[in-house]
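Let me give you the structure first, and then I'll get to my questions.
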Amino acid sequence: TRQIKERREIEFLSTLGVIDGDTDGNFYPNKDVTRRYIVRTMVKILKLPLEKVTYDLFPDVAKSDPDAPYIQSAIQNELMFALPDGTFKPDRALTLSEAMFLLSNARIIEEQAVNDDDAFVKRKELAQQLAYSSRYESQIERLIDWEKGY
């Protein structure tokens, strides 16, 4: 397995329950952060309740979608909204500034300016941003015992 430089941040955030992988258990660090992924992440971080989805949420989000409960919770808690055309576009990739805006709007991190040149953000890059945010940096420091190691 090829090592990625953000591996420690990913491991720390996973230990803290902040991020996780796909349903197969793999994190896929080089995948783009999508609307689906950021919603699932925000709902899990905030420990919002998940309810059974009894109807198709959007033309592009069926009630059978595995992430429908997360999308429904995010909509109900005003963390995310439909797009102007009435769709959700769960697999649309986000830029770093879009992801950081959503996370700060949800009060998960403090607002911070980022320069992303409109490039889509990868999961590993989001993990790095979260790890060095004031909310998680101190928690990660507590995970590291300089005598015993991580």
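I'd like to verify a number: residues in segment 90-121 that are open to solvent by 50 Å² or more (accessible area, probe 1.4 Å) and either polar (S, T, N, Q) or under 28 Å from P59 (Cβ atoms) (or both), how many?
9
Further question: So, in segment 22-52, how many residues would count as being part of a loop (DSSP other than H, G, I, E, B) and among the basic types (K, R)?
3
Please give the number of the condition D20 fails out of (1) at negative phi; (2) in contact (Cβ under 8 Å) with a residue 60 or more places away in the chain; (3) open to solvent by 40 Å² or more (accessible area, probe 1.4 Å).
Here D20 meets the rest and fails (2).
Of the numbered conditions (1) open to solvent by 50 Å² or more (accessible area, probe 1.4 Å); (2) closer than 21 Å to Q72 by Cα; (3) of a type in the set (D, E, K, R), R8 fails exactly one; give the number of that condition.
(2)
Further question: Among the residues of segment 36-89, write down those that are of a type in the set (A, V, I, L, M, F, W, C) and exposed (fewer than 12 other Cβ atoms within 10 Å of the Cβ).
Once the filter is applied, which keeps residues that are of a type in the set (A, V, I, L, M, F, W, C) and exposed (fewer than 12 other Cβ atoms within 10 Å of the Cβ), segment 36-89 yields only F81.
Now for a separate question. Where the second residue is outside any helix (DSSP H, G or I) and open to solvent by less than 10 Å² (accessible area, probe 1.4 Å) and the first is closer than 8 Å to R35 by Cβ and touching a residue at least 60 places away in the same chain (Cβ under 8 Å) and lies in segment 78-103, which pairs have Cβ atoms under 7 Å and are six or more apart or on separate chains?
Close Cβ pairs satisfying both conditions: L94/V33; L94/V121.
The values are calculated or read from the model by the stated rules, or taken from the named source; none is laboratory data. Source: prediction; values computed, not measured. Methodologically, a virtual Cβ is constructed for each residue, glycine included, from the backbone with ideal geometry; neighbour enumeration extends over all protein chains shown. For the accessible areas, the whole protein counts, side chains as well, though only heavy atoms, and no ligand, DNA or RNA atoms are used. Shrake-Rupley method; radii C 1.70, N 1.55, O 1.52, S 1.80 Å.
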